[in-house]
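Inspection log for the structure reproduced underneath, given as structure tokens.
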Amino acid sequence: MKTALAIKQEGRAGKRARDLGLPMEGLPGPYNAITDVPGVTVGYKTLSSGAGSMQTGVTAILPRPPEQLLHPTWAGSFSMNGNGEMTGVHWIREAGWFTGPITLTNTFSIGMAHHATARWMVSRFREQLDKGMWVLPVAAETYDGWLNDISAFHVTEDDVIDAIESASGGQLQEGNVGGGTGMMAYEFKGGTGTASRVVNVAGLDHTVGVVVQANHGLRPWLRVCGVPVGEQMPRVDPWANERGSIIAVIATDLPLLPTQLERLARRAGIGIGRAGTPSGNNSGDIFLAFSTANSIGQLPEPTRMTLDTVSNDLLDPVFMAVVEAVDEAVINAMLAAETVVGKQSRTAYAIDHALLRSIVKTRASQ
């Protein structure tokens, strides 16, 4: 049965939902990626032994150019189900901002990601930090221990720093890369995915971009473009319970207050729900939204601050952009992912492109 379900990997690289002709809603940016938001860059460090027990890594998201990472970034967060961790969110809830890169990795390496990010910030901003300033990095995790020998603690300080320093704009890799290397989604191989939307607010175009680390869901739950495709796809060694989590990071250049950004973060829950998950008991579904607008310059905060924002009455299309982009990013993560043989010779099969397209197209034609 396992041999019959194995699929060829040729031609998977670069394949995304829209490449397969899946009817995704909304207008994406040029790269259909979080990097469509000006100034946002992403880097990876992928740690994979090929077929073997090391299947993990780090994803780094820089909300500002490196030289501006001591400038506060306004943000909001939301935990839909708390069986997971994202550091720094208590301060975001308190003050409305964070500084530095965001890192995504596996559950046992979140401490290393936090430590290494702080070390990197010190290397860049030692003079300022020696004057009493501080950093409280945002690091988040999902559990890759089904494929990866997570207890081996493969991720090192250098790996985290490599991910940060490799950050770039433009088209992004997806699937088995960075923190998503060992992740599963709906019992298929999952991992890193991204998408974006262009929205017009008060006559001006703005961008909403998303990165997800997709490691959640059971096969029968999976829905693509509203079609219950998971019910029509065979299962190998079915899981009785959900074993993973999903992290979503949302970026925008729209000027928003922290309370409004928290509202965006909440909409990621609707986005993951479109693909069928009810946010299971074992899942850590934690979301962060930030805006690149309203830079107040380097800390400390000025005595008086004036922030630009848009009316809450104008946010409906922005909410929809978040929902659509999160949903598409999850699908993109699965489509880009490749079959992996990991720890204890466990096989995570990639979703079958042709079968998925056939099921969705058949339903659409009915």
- If the cut-off is a Cα-Cα distance under 12 Å, which aspartates and glutamates reach residue 45, setting aside same-chain residues fewer than 8 apart in sequence? 157, 158, 159, 162, 165
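Express the carbon and sulfur contribution to the solvent-accessible surface of region 226-366 as a percent, rounded to the nearest whole number, probe 1.4 angstrom. Present the calculation step by step, with values, prior to reporting the outcome.
Values: 2630 of 5720 Å².
Roughly 46 percent of what the probe reaches on region 226-366 is carbon or sulfur.
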- In degrees, nearest 10, range 0 to 90: what is the angle between the Cα axis of helix 110-129 and the longest Cα principal axis of the chain? 30
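Quick check for you: with a 1.4 Å probe and neighbouring chains kept, what is the accessible area per residue of the chain, in Å²?
Working: 14210 Å² over 366 residues.
It amounts to 39 Å² per residue over the chain.
Would you please put 358-365, 192-199 in order of how densely packed they are, using the mean number of other Cβ atoms within 10 angstrom per residue and starting with the highest?
On the way: 358-365: 14.4, 192-199: 26.9.
Packing order, densest peptide first, comes out as 192-199, 358-365.
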- Query: If you bin every alpha carbon distance in region 135-227 into 10 Å steps from zero, what whole percent lands in each bin?
  - Reply: 13, 36, 32, 16, 3, 0
- Hull surface divided by four, with the convex hull built on the Cα atoms of the chain: how many nm²? 17.6
- C-alpha center-to-center spacing [region 185-257, region 27-51] in angstrom: 15
- Task: Just subtract the alpha-carbon distance of residue 200 and residue 241 from 0.36 nm times their residue separation and send over the number in nm, one decimal.
- Result: 10.7 nm
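Using a 1.4 Å probe on the protein chains only, how many percent of the accessible area of region 88-146 belongs to carbon and sulfur?
Details: 1380 of 2540 Å².
Accessible surface attributable to carbon and sulfur in region 88-146 totals 54 percent.
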- Query: Helix 316-336: angle to the longest alpha-carbon principal axis of the chain, degrees 0 to 90, nearest 10?
  - Reply: 50
- Please determine, in degrees from 0 to 90 and to the nearest 10, the orientation of helix 353-365 with respect to the longest principal axis defined by the Cα atoms of the chain, where the helix direction is its Cα long axis. 90
- Item | Summed side-chain charge close to residue 83 - residues other than residue 83 whose Cβ falls under 10 Å, Lys, Arg +1, Asp, Glu -1 | -3
- Query: Let a ≥ b ≥ c be the square roots of the eigenvalues of the Cα gyration tensor of region 235-366; is it rounded (a/c under 1.5), or, if not, prolate (a/b larger than b/c) or oblate?
  - Reply: prolate
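The values are calculated or read from the model by the stated rules, or taken from the named source; none is laboratory data. The structure presented is a predicted model; accordingly, all values stated were derived computationally and were not measured. Glycine also receives a Cβ, built like all others from the backbone with ideal geometry; neighbour counts cover every protein chain displayed. Ligands, DNA and RNA are stripped out before the accessible areas are found, and what is left, the full protein with its side chains, is counted by its heavy atoms. Shrake-Rupley method; radii C 1.70, N 1.55, O 1.52, S 1.80 Å.
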